[in-house]
Amino acid sequence: MNGDSWITAATLVVMLAALARDRFAPAAVVFSATFTLLLADVIDADAAFAGFSNAAPITVAALYVIARGAQKTALLSALTSRLLGREAGRSSLVRLLVPTAGASAVFNNTPLVAMLIPDVMGWCRSRNVSPSKFLLPLSYATILGGVVTLFGTSTNLIVSGLLQQQTGEPLGVFEMTKISGVVAVVGLLVVVLIGSRLVPDRLSAPEQAEQESREFVVDMEVVEGGPLDGKTVAEAGLRDLQGVFLFSIDRGEGTIISPVAPDRRVDGGNVLTFVGRVDEIVDLQRQRGLRSAEEKHLIAVDSPRHTFYEAVIGRTSPLAGKTLRDTEFRGTYQAAVVAIHRDGQRIDAKLGEVVLRQGDTLLLLAGPDFRRNWRERGDFLLVARLGGEPPSATAKAPIVGLVTAAVVLSAAIGILPILEGSLLGAGILIATRVLTFSEARDAVDLDVILLIGAAFGLGAAMQVTGLAGEIAQVLIDVFEPFGTAGIVFGVVLATAILTELVTNNAAAVVMFPIALAAAGPAGVDPRAMAIAVAISASCSFLTPIGYQTNTMVYGPGGYRFGDYLRAGLPVTLAVLATTTVMTTVVG
């Protein structure tokens, strides 16, 4: 390895470590890595910023706009209850997952999942079924459906753009379907037959409601001179509350009592910390003699029109890593945080002092416009009105359906390239007032667009320095004894591991040049190997942070981190094996 190779390798290691720690926005990390290689003269400016002149980021932006149109008009949510049917069971799961996977092959899966979560949760609650049995399989289905066509995920478009940069020929709309279609079918079968069985009931089963429900933590203050002032916990009726229990008493000046005995007295001004189900936490706000410890914030936003929302914090949210006080939450969002849910953990701090993390679910009191104002801004991965009322379908939903079908068909039969077709489709939605220009602008995830544009420079550096060939040779040396399938499996496995540690897009960028370098010695078509990278980079099933849709269902499903490993492992093994076999056969 030469000096430039070592610089590139060191830059990649630092970049991957930064992405794995999840302390900074992925786009900022990748852009910084590319800029470092430019400053070190490993690549020139043309190579560093070639991605911004590539069709991939613009295409992704246009597809975000079309997906936003589908979400706004509730194009699919009106069908959810009909798909699920009246009875809960495996048949209802199949009826939900198969059409959802098909829709994910056309629509970006992040807004698709955001659109379906409230409907699925409402259906589950009305039938006393745990939403956890449906939401994680729903996420898995959208991931599997997204790999079927070129524009199913931004990762596919990145790989296509890298392939065009390398060979002059991008992927066709259905070119990857010959491999990924089989992968999706096998993956869905495993999800339905095995994966769904391994997902525990986390919410609605009556006999487990108290032990395994999605718990929130809330602080309530005893009103001085009120009906509870000076009474014991038992006398105040706080001992045997339904679905919620008293966790600790804060008497001030550092005196905290936990656990709380039934004969312990509560006095005016004491702060009581309760843990329990979200619906019981909401009801606790109405308990006489208690008021929210955050009352000064609640009063500032409360009115008869205000209601409760659940909001999930995502990977790139400006809230992650900060406290509510740091972000001036109430003033910024015109909402008050009533409680926080975090993976079943006890949060032993005042709400304003809790450092928020990716996957945290906030229970908010806010006005009727909160969801509309913030669901597309990136501050929250998901905003759902408590109770899960689906958005009203509008008369313009058929326009979105026709535009989407036209974009797919025109690209498939060669009338218009996917770039021109998607831009034209987005323009039609704005012209027909399905979306305003500001809604279309807000629908675009600029973090993803910047990451895509900056990522091309990394691929160029790995190729021109020979680093990709060096890493590919290591993979070949290790897996060559197992033949062509062994080398393909090595590439697929390395991509799958990397995508669980960093973002799917970053994993695809790092592995693409390595896969192309390994394709020749393996005797596999480079295009088939590129498709294998796109599939394995997108198929993240093992953690709640590897893929955005997994994070989105984390809080609403009440999942634990281990649930993803338990349910996702058989799906991952099936996807890796099928991808290896199909790439070897097709290639």
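Amide H contacts of L382: V312, each under 5 Å away and 5 or more positions distant or on a separate chain (H built 1.01 Å from N in the peptide plane; Pro and chain starts excluded).
If R0 is 56 Å, the Cβ-Cβ spacing of V586 and Q334 corresponds to a FRET efficiency of close to 0.55. Taking the charge dipole of the chain about its Cα centre, with +1 at Lys and Arg Cβ atoms and -1 at Asp and Glu Cβ atoms, the residue from Q548, G466, L493 reaching farthest to the positive side is Q548.
The range 463-561 gives an Rg/Rh value of 1.07, both radii derived from C-alpha positions and Rh following Kirkwood.
In percent, rounded to a whole number, the relative contact order of the chain is 22, using alpha-carbon pairs under 8 Å and six or more apart.
Along the axis of the charge dipole computed for the range 438-587 (Cβ charges of +1 for Lys and Arg, -1 for Asp and Glu, origin at the Cα centre), the listed residues P526, C539, P570 are led at the positive end by P570. Computed about the Cα centre, the dipole magnitude for the range 427-540 is approximately 280 debye when only Lys and Arg (+1) and Asp and Glu (-1) carry charge, each at its Cβ. A simple rule links phi to the HN-Hα coupling: the Karplus curve 6.51 cos²θ - 1.76 cosθ + 1.60 with θ = phi - 60°, which for the range 186-199 gives 4, x, 5, 4, 5, 4, 6, 7, 10, x, 5, 5, 8, 8 Hz, with x for Gly and Pro. Spin-label model, I413 to F482: label points 7 Å out along the Cα-to-beta-carbon direction sit 4.4 nm apart.
Could you please report the charge total around A518, scoring K, R as +1 and D, E as -1 over all other residues with beta-carbon less than 13 angstrom from its beta-carbon?
-4
Taken over the chain, the percentage of Cα pairs per 20 Å bin, counting from 0 up to the bin with the maximum distance, is 20, 51, 25, 4, 0.
From its DSSP helices (H runs of at least four residues, each -39,500 (n - 2.57)), the chain gives a residue-normalised ellipticity at 222 nm of -17000 deg cm²/dmol. Here's how it looks for F107: its modeled amide H is under 5 Å from none belonging to a residue 5 or more places away or on a different chain. Among G425, Q358, T584, which residue has its Cα furthest toward the positive end of the charge dipole of the chain, with +1 on Lys/Arg Cβ and -1 on Asp/Glu Cβ? Result: G425.
Derived scalar couplings between HN and Hα for the range 464-477 equal 5, 8, x, 5, 4, x, 5, 5, 4, 5, 4, 4, 5, 4 Hz in order, rounded to whole Hz, by the Karplus curve 6.51 cos²θ - 1.76 cosθ + 1.60 (θ = phi - 60°), x for Gly and Pro.
Classify the range 393-464: rounded, prolate or oblate, from the alpha-carbon gyration tensor (a ≥ b ≥ c, eigenvalue square roots; a/c under 1.5 rounded; otherwise prolate if a/b is larger than b/c)? The shape class here is oblate. Rounded to the nearest Hz, the phi-derived 3J(HN,Hα) couplings of the range 405-420 under the Karplus curve 6.51 cos²θ - 1.76 cosθ + 1.60 (θ = phi - 60°) are 4, 5, 4, 5, 5, 5, 6, 5, 9, x, 5, 9, x, 4, 5, 5, where x marks glycine and proline. Please give the Cα centre distance for the range 126-166 versus the range 432-476, rounded to the nearest Å. Each part's Cα centre sits 17 Å from the other's. In terms of its alpha-carbon gyration tensor, the range 12-77 comes out oblate; a/c meets the 1.5 threshold, while b/c is at least as large as a/b.
Excluding same-chain pairs closer than 8 in sequence, count the lysine pairs in the chain whose Cα atoms lie under 23 Å apart. Counting lysine pairs in the chain gives 4.
Can you give the angle from 0 to 90° between the axis of helix 483-501 and the longest principal axis of the chain, with both taken from C-alpha atoms, to the nearest 10? Tilt relative to the chain: about 30 degrees. Using only Cα atoms and rounding to the nearest 10 degrees, what angle (0 to 90) does helix 3-21 make with the longest principal axis of the chain? Here the helix axis deviates by roughly 30 degrees.
Per residue, the accessible area of the chain comes to 39 Å², computed with a 1.4 Å probe over protein heavy atoms only.
Rounded to the nearest 20 debye, the dipole size of the chain about its Cα centre is 1440 debye, using +1 on the Cβ of Lys and Arg and -1 on the Cβ of Asp and Glu.
Computed over Cα pairs, the Kirkwood radius of the range 385-504 leads via Stokes-Einstein (0.692 mPa s, 37 °C) to a diffusion coefficient of 173 µm² per second.
The values are calculated or read from the model by the stated rules, or taken from the named source; none is laboratory data. Since the model is a prediction, treat every value here as computed from it, not as a measurement. No Cβ is skipped: glycine too gets one built from the backbone with ideal geometry, and neighbour counts run over all protein chains shown. Please note that ligands, DNA and RNA were not included when accessible areas were found on the heavy atoms of the full protein model with its side chains. Shrake-Rupley method; radii C 1.70, N 1.55, O 1.52, S 1.80 Å.
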